[in-house]
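Remarks on the structure that follows.
The values are calculated or read from the model by the stated rules, or taken from the named source; none is laboratory data. These numbers come from a predicted model, not from an experiment. Heads up, the Cβs are rebuilt from the backbone with ideal geometry, glycines too, and the neighbour counts pull from every protein chain shown. Only protein heavy atoms, including side chains, enter the accessible area calculation; ligands, DNA and RNA are left aside. Shrake-Rupley method; radii C 1.70, N 1.55, O 1.52, S 1.80 Å.
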Amino acid sequence: MSDALPESKATPEVAFCFLLNQLLHRERWAQERLARFAGQCAELQSPLPFLPPLRFSIAADGRVEPGGAEPVAIVRLNGIEGASALAEELRYLARHLRPDIEEELSKIFGDVAAQRIGTAVRGLWQWQADAALRLGEALGDYVTDERRWLVRRIELQGFAQGVRAVSEALERLEKRISTLD
């Protein structure tokens, strides 16, 4: 690792900035793009309630530093919020900047261990995504089939067709009655 950890307190913000600066050091084009936003701040918000938001500011050389003033961009798992130029730049970097985690891990643990850690993390991520999908399907089946709190679309369409048929039959009956008078 080319840069030593800063002498400030070891906080999640410091660790995040250290890792992001490692990536920016490797991808100079991204660091140069960020340098235009020196002094501006952004915040990374985790979907996990026990992880605090990580606020960082852009330094004059395009690196990131922990802390900062009010953020002009909020980075979340589902996207980047904010109408500032920094938010637009972060959206661009999120699409085009791809870290090679296994490469970074290989510098610490070696190639074989890094590859195995990467495989394990990808497997864990896939398992969680699959579990969430299956849980959603099971919940959907429970509320539609078991509890009958919701109806399936096909059942609703069949019911709507039945209502239309009854309505049309009622109209025909009203016309017949009106001709009898």
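Would you mind stating whether D111 is more than 20 Å from N21 (Cα to Cα), among the acidic types (D, E) and without any contact (Cβ under 8 Å) to a residue 40 or more places away in the chain?
Yes.
Residue count for the stretch 52-78, restricted to those that are open to solvent by less than 70 Å² (accessible area, probe 1.4 Å) and closer than 14 Å to N21 by Cα: 8. In the stretch 68-81, is there at least one residue being closer than 24 Å to V14 by Cα and touching a residue at least 40 places away in the same chain (Cβ under 8 Å)? No, every residue in the stretch 68-81 fails to be closer than 24 Å to V14 by Cα and touching a residue at least 40 places away in the same chain (Cβ under 8 Å). Within the stretch 10-29, residues that are hydroxyl-bearing (S, T, Y) sit with their Cβ atoms under 8 Å from residues that are surrounded by 16 or more Cβ atoms within 10 Å (Cβ to Cβ) and outside any helix (DSSP H, G or I), at 6+ positions apart or across chains, in these pairs: T11/P66.
Of note, V121 does not satisfy the criterion of being of a type in the set (V, I, T) and over 27 Å from the mean Cα position of the chain (by Cα).
Within the stretch 90-111, the set of residues being open to solvent by less than 60 Å² (accessible area, probe 1.4 Å) and over 17 Å from the mean Cα position of the chain (by Cα) comprises E102, E104, L105, S106, G110. Looking only at the stretch 123-159, residues that are of a type outside the set (V, I, T) and touching a helix residue (DSSP H, G or I) at 6+ places or on another chain (Cβ under 9 Å) come to 4 in all.
Identify, please: which residue in the stretch 21-51 is surrounded by 13 or more Cβ atoms within 10 Å (Cβ to Cβ) and under 16 Å from R76 (Cβ atoms) and is, among those, modelled with the lowest pLDDT? Working first, answer last.
Taking the stretch 21-51 as the starting set, the residues that turn out to be surrounded by 13 or more Cβ atoms within 10 Å (Cβ to Cβ) are 21-27, 30-31, 33-35, 37-38, 40-46.
Those still in the list that are under 16 Å from R76 (Cβ atoms) too: 41-46.
Details: C41: 94, A42: 94, E43: 92, L44: 90, Q45: 88, S46: 81.
Applying the filter and picking the extreme gives S46.
A114 satisfies every condition listed in (1) out of contact with any Ser or Thr (no Cβ under 8 Å at 6 or more places or on another chain); (2) surrounded by 12 or more Cβ atoms within 10 Å (Cβ to Cβ); (3) modelled with pLDDT under 90 except (1).
R164 meets the conditions (1) surrounded by 12 or more Cβ atoms within 10 Å (Cβ to Cβ); (2) over 19 Å from the mean Cα position of the chain (by Cα) in every case but one. The failed one is (1). Just the residues that are open to solvent by less than 70 Å² (accessible area, probe 1.4 Å) and out of contact with any Phe, Trp or Tyr (no Cβ under 7 Å at 6 or more places or on another chain), please, taken from the stretch 120-160. Once the filter is applied, which keeps residues that are open to solvent by less than 70 Å² (accessible area, probe 1.4 Å) and out of contact with any Phe, Trp or Tyr (no Cβ under 7 Å at 6 or more places or on another chain), the stretch 120-160 yields A120, G123, A129, D130, A131, A132, G136, A138, G140, T144, G158, A160.
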